[in-house]
Amino acid sequence: MSLFYLVLISMWGFFMSLFALALQYKHLLSVLLSLEAAMMNLFIMLFVLFNNITFSGHAALILITMGVCEASLGLSILVAIIRAEGNDYVTSFSLHKC
């Protein structure tokens, strides 16, 4: 029964991170943090759901590796944008400057 509550909490956390993403999209860092929170909640949910399957360790390892790669890529893009633009406002991004 406790696994059900863990899945329920991770689903609630996932939807709250999407809600935060919808409301706080002014800075790129807040967008990246919301996406990382969504990824971690998905990791917890899938780890609990695949707990009884024999390849649960492999699936969890692959998912956490993808989360780490996503976080490092997002931070490197954030640093590059701050160096080029001087700020991290999402509204200041334009595709016409390329």
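Counting only residues that are modelled with pLDDT of 85 or more and under 25 Å from ILE81 (Cα atoms), the range 1-29 holds 7 of them. All of PHE19, PHE43 fail the test of being surrounded by 15 or more Cβ atoms within 10 Å (Cβ to Cβ) and assigned to a helix (DSSP H, G or I), apart from PHE43. Considering only the range 71-91, I want to know if a residue exists there that is closer than 22 Å to SER2 by Cβ and modelled with pLDDT under 85. No; the residues of the range 71-91 include none that is closer than 22 Å to SER2 by Cβ and modelled with pLDDT under 85.
The values are calculated or read from the model by the stated rules, or taken from the named source; none is laboratory data. Predicted model, so just to flag it, every value in this text is computed and none were measured. Glycine also receives a Cβ, built like all others from the backbone with ideal geometry; neighbour counts cover every protein chain displayed.
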